[in-house]
Amino acid sequence: MANKLISEMGLPKSIANVFVARNLLTAKDVLSLTEFDLMELLDVGLATVTSTVSHISEISCPPYQTVLSLLEQRIQNEYLAGHLPTRLKGLDAALCGGIPFGALTELVGPSGIGKTQFCLKLALLASLPTIYGGLDSRVIYIDVESKFNSRRMIEIGVNSFPEIFHIEGMAQEMAGRILVLRPASLAEFTERLQQIKVSLLQRQIKLLIIDSMAALVSREHEEGPPRHHQLGWHISFIKSLAEFSRIPVVVTNQVRSQSSDETSRYSFQVGSKVEYIEDPARSDSHLVAALGIHWAHAVTIRLVLDSKLGKRFIKVAKSPMSPPLAFCFDITSSGISLLNDNGIEMTGPQINTINYQGHSDIIRSAIKGYGDQSE
Amino acid sequence: MEVCRLAISASQRGKLISAGYTSLSSLSSLSPSDLARELKISDNEALEILKAASHGSRLDGTGGSHAVVNGAQTAWDMLCEEDLLTHITTSCADLDNILGGGINCNEVTEIGGVPGIGKTQLGIQLAVNVQIPVECGGLGGKAIYIDTEGSFMVERALQIAEACVQDMLEYNGLHRKEFQACQDKIMQSKDFLGNIFYFRICSYTEQIAIINYLEKFISEHKDVKVVIIDSITFHFRQDFDDMALRTRLLSGMALKLMKVAKTFSLAVVLLNQVTTKYSEGSFHLTLALGDSWSHACTNRVILYWNGNERYAYIDKSPSLRSASSPYSVTAKGIRNLASNSKRIKMM
């Protein structure tokens, strides 16, 4: 919409010509200037400028819909009104059906906690035929850290859906629908994203997984633009990709230590003894999600995976439609399974904190159980 | 030179100056045909220039015979108007209290906070609450929801609408006298969704376009009583190398939104994100978009965590005291915090 050409907007000839003469070709060029700038540039009166700008604005503005028609459209056209079930009952109930279409879902947690396992299972679920609860479609898995393990994925498939996978050739077909990309640099990733946008609709791709977003940035960590600008374009692009094609997009993120210049206080909070209550959760954890606050605002759903007292938890930390619940989970041969479908409701900002206690015990017992399991 | 300040095009101005007309008084006694002959322009153009000049001199107050400056309103008239000001309830009594009854119509209110604090929840709650019928104490209006981040979830809007209907039925059950009038008016939750106009904005150009288009849209849909922009920051936070341009665009937007709020007597609610700022020797959280934007809104509310509870703080308002109050986000939407003790703390 921003790149709509002025010449195609039905403006009177004289004005349209003046715009072209001044090199204002798209709606973006015109709307980036204030009305006085335009008067100066085009040498026309204020009334003309005002009416022209409002005409251009009306045409460049996207059409509206009532929320009711949005709801009806989704119920009618989309699988489960726009959700991909994760087969974890408690989590699906909390997310009103599953991972939502058209939005960015983030999995963040320390290394080894199970993010890639979750992604492998999701990829598999999406490739299943609809009668088994899948999306019957292709999946694109962007594997930045080379963690994708097909053997493990087939193992998950065989253990979770034995009735499907024991049919001759099914494993090959399911695995054949998952396309794994391994970009070596941020530039290559950018290129791939643009290619994906083009082929999304043609090739029936209904799930995009990026594992992990943070690794792309840390690889490029030399001199150059500051970190938070590097992914700015990608964030908007991935979001628009998700929304226009109405597919779920799952992104994993890493953690990093909190730096000394981080804060969670506003200036009016400092020094007021009446209100200030010590935040108990803060002292336990020195970990925060990577990629900064702009990314934190940009994701729609944030699922935090962490470990406390030797148990793993998956927490719905940010979601516009879920209460703040934490579910205890375990990694098994069939992927991830919840130990209890009734989540624990967490109050306050502690749902956002990332704990890392007792983790080495988990890793040790996992290794004992699965031999050379890498996650 | 007064002629420079006229709202006419550069070439017309140039001709006036080269013909020797530098002040407005020199134009006041001229007829359009004389001016047209002098500047070698058409009669219509000359008429336009003279109109602009007389408008300019009126604003300067050199008209003399006018007792009141054109376009001004006396403070008394404004006070009478303010008593008729309506508010949109937030469904949380404590929050409504510190806001003086709710979000004010006729004003632009900015609400900001960290991710996950409940900004979108509050936005959706307001979009539903504005539709409460007049008989039940609401405004009976419609809502425009401008979504720049894609955080609007239709399922959540349905949940909140259903809870609102429930609350209205309960309220009705307790207050029997207006029972019949209200009962007829209580809508189904799906009707609530039908009255929210949803726009999905994907770039800053579209954001500017929709704000320009609002005036026309609202004159065609006169019962819109709240415009919610969620969030005003997203598209201005990245890709902007030219900060001066960003500031110009933002202030242009702020002025247009204020004009819309005043012209149509509706509430404009802008949701903002946070960033860190270094001041007084340490880092603090502050709302995004910079210092110049912080002057743009009439009211500013900051949502923050205090221990385990969510609080709202009135950071800036011409008429409300700085105060904070707790609120909570429940399955039904924004509600009061469960405990009964008096919690509003004055700063």
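The values are calculated or read from the model by the stated rules, or taken from the named source; none is laboratory data. On a predicted model such as this, the values are computed, not experimentally measured, just so you know. Please note: Cβ atoms are built from the backbone with ideal geometry, for glycine as well, and neighbour counts cover all protein chains shown. The accessibility values were calculated without ligands, DNA or RNA, using every heavy atom of the protein model including side chains. Shrake-Rupley method; radii C 1.70, N 1.55, O 1.52, S 1.80 Å.
Key figures for this structure:
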item	result
B:Val134-A:Thr130 FRET efficiency (beta carbon distance; Förster radius 41 Å; 0.05 resolution)	0.30
Gain upon complete extension [B:Ser54, B:Cys80; 0.36 nm per residue less C-alpha separation]	6.1 nm
Accessible area buried at the B-A interface, both sides summed, 1.4 Å probe (Å², nearest 100)	6100 Å²
Solvent-accessible surface ranking, highest first, for B:Leu169, B:Leu50, A:Leu309, B:Leu270 at 1.4 angstrom	A:Leu309, B:Leu169, B:Leu50, B:Leu270
Mean Kyte hydropathy of -1.0 or more with a Cα span along the axis of at least 20 Å, helices from DSSP in chain B	B:43-60, B:154-174, B:204-220, B:243-264
Which of B:Tyr327, A:Tyr79, A:Tyr356 is most accessible, then next, and so on - probe 1.4 Å	A:Tyr356, A:Tyr79, B:Tyr327
Surface accessible to a 1.4 Å probe, B:Glu170 within the full protein complex, Å²	110 Å²
Carbon and sulfur %, accessible surface of the protein assembly as shown computed with the full protein complex present, 1.4 Å	53 percent
Residues of type lysines that A:Lys147 reaches as a straight line, Cα spacing below 21 Å, ignoring anything fewer than 8 places off in the same chain	A:Lys115, A:Lys121, A:Lys368
Surface accessible to a 1.4 Å probe, B:Asp223 within the full protein complex, Å²	70 Å²
Amide H within-cut-off set for A:His83, under 5 Å, with H built and near neighbours excluded	A:Phe101
Accessible surface, per residue, of chain A when the full set of protein chains is kept, probe 1.4 Å, Å²	45 Å²
Förster radius 41 Å - calculated FRET efficiency between B:Ser29 and B:Lys222 (Cβ-Cβ, nearest 0.05)	0.40
Probe 1.4 Å, all protein chains present, accessible-area order of A:Phe244, A:Phe313, largest first	A:Phe244, A:Phe313
GluC sites (Glu not before Pro) within segment A:166-218: DSSP coil, no more than 13 neighbouring Cβ in 10 Å	A:Glu168
Cleavage-rule hits, trypsin sites (Lys or Arg not before Pro), segment B:4-42, DSSP coil, Cβ neighbours within 10 Å at most 10	B:Lys40
Solvent-accessible area lost in complex, 50 Å² minimum, residues of segment B:105-127 relative to chain alone, 1.4 Å	B:Pro115
